[in-house]
1. Which length gain, in nm to one decimal place, applies between Met86 and Lys318 when the Cα-Cα distance is subtracted from 0.36 nm times their residue separation?
2. Can you list residues whose amide H is under 5 Å from Arg332's amide H, if they're 5+ apart or on another chain and H is modeled 1.01 Å from N?
3. Where does the Debye-calculated log10 I(q)/I(0) of segment 303-359 sit at q = 0.17, 0.21, 0.24, 0.31 Å⁻¹, using only Cα point scatterers of equal weight, no solvent?
4. Using θ = phi - 60° and the Karplus form 6.51 cos²θ - 1.76 cosθ + 1.60, what ³J(HN,Hα) does each residue of segment 165-174 get, whole Hz, x for Gly and Pro?
5. Could you give the spread of the C-alpha atoms of the chain along their three principal axes, from largest to smallest, in whole angstroms?
6. Could you check which residue among Gln48, Gln162, Gln120 shows the biggest mean-square fluctuation in a GNM of the chain with a 10 Å Cα cutoff?
7. By how many nm would the segment from Leu240 to Gln48 lengthen if fully extended, with 0.36 nm per residue of separation less the alpha-carbon distance?
8. Which far-off residues, 5 or more places away or on another chain, put their amide H under 5 Å from the one on Val6, with H placed in the peptide plane?
Amino acid sequence: MKTLTVDLGDRSYPIFIDSGLLNNESVWGSYIKKKGNVVIVTNTTVCQWYLNPLESAVSRLGYKVSSCILPDGEQYKNLDSFNAIMTFLLEHNCGRDTTLIALGGGVIGDLTGFAAASFQRGVDFIQVPTTLLSHVDSSVGGKTGINHPLGKNMIGAFYQPQAVVIDLDCLKTLPERELAAGMAEVIKYGIIWDADFFSYLEKNTPSVWNLDNEVVSEVVYRCCSIKASVVHEDEKEGGLRAILNLGHTFGHAIETYKGYGVWLHGEAVAAGIVMASHVALGRGSISTEEFERIRDLLIANRLPVSKPEEMNTDDFLKLMVHDKKTLNGRIRYVIPDCLGRASVKDDLTQSEISAAIEA
Ligand code: NAD
Ligand code: GLY
């Protein structure tokens, strides 16, 4: 088993990465710290394969376990689902000693984390991510929340879990399109932080797609370790953490414009990464060869590399104003400084933005 720590003082927590962890009682025994109810929040898809093993392992330890099963989809990452969790917890007489377990992808993780932050002003929660995207990104770092019809992730809280338990076996049932979406966030780490990791991905993409255990476990470990370092430096996105949003300003606009769930988050981020890289190319921060390597690696991972045909620059600009990085009305973008480094820029010109979007 690979283990990492997110070092945040008295809110530090471990990340476990291995196969077969859902059934591993010792993990659950150590990290469910309170004696109260354990509530697994999951969805109608994930529950088919993964609810029983988890429920049984936790029940064998003597906990009272119940499961709140939500509809599946980004369009349900909203106040109605949040309210459904609150109602479930109250109907099951849950108190402050409750532990929530988020069993699912980023949607379930973000929703459950926000519910944990809010219920009775905060109860424990454990992230059990089941998609590649949630293995490498959303389960780590404590960003929790829900969408509003006017913008992605507009309501939420920073709230750290007690542990992140990554069972790599979950990837065996993941649809290919979802694996690709996860690879967009994986590739992001190479561009913003680690050029060697980017090269590793260029060599090992076929092995990821074959779910080669050694390669997948290395990829997940390296991504979580980069994310843990960034979150350790800047938990609440006062500065550095914003680089994790490479491609997200453009990407969130696509997701909101198309309607949540039509383009997957990772697909929209992939197109956004190409747009941000186009700006970097125009500024001479990356070479044509590096721009092509970025685009080609996204394509090799079956990801889109340009905007939806029907969206124009104005559509992007109207939606990007709502981005959480916007300061004093100025939209801020994460742009590569070179392959392996990135920073936030607020001086993009109108022509750079529209050239990147239309390219
Ligand atoms: P998701 O949670 O919608 O999961 C994708 C699909 O895969 C769903 O249909 C889900 O039911 C299904 N699924 C999940 N696990 C499965 C499995 N093992 N086998 C088969 N199907 C499975 O999407 P996601 O890509 O995991 O996460 C996207 C969400 O994460 C977005 O809402 C995004 O905003 C959020 N996010 C949050 C952070 C953060 O830091 N909190 C970071 C990145 C993304
Ligand atoms: N996924 C961006 C962040 O966690 O900050």
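1. Values: separation 232, 0.36 × 232 = 83.52 nm, distance 3.35 nm.
Full extension from Met86 to Lys318 adds 80.2 nm.
2. Thr326, Leu327
3. Cα-only, vacuum Debye calculation for segment 303-359: -0.64, -0.95, -1.15, -1.29.
4. 10, 9, 9, 5, 4, 4, 5, 5, 9, 6
5. Taking max minus min along each principal axis of the Cα atoms, the chain gives 61, 41, 37 Å.
6. Greatest mean-square fluctuation among the candidates belongs to Gln48.
7. Values: separation 192, 0.36 × 192 = 69.12 nm, distance 3.89 nm.
Answer, rounded to one decimal: 65.2 nm.
8. Under 5 Å from the amide H of Val6 lie the amide H atoms of Tyr13, Ile15, each far enough along the sequence or on another chain.
The values are calculated or read from the model by the stated rules, or taken from the named source; none is laboratory data. No experiment lies behind these values; they were computed from the predicted model shown. Counting neighbours? That spans all protein chains shown, and the Cβs are built from the backbone with ideal geometry, glycine included. What goes into the accessible areas is simple: the full protein's heavy atoms, side chains included, and nothing from ligands, DNA or RNA. Shrake-Rupley method; radii C 1.70, N 1.55, O 1.52, S 1.80 Å.
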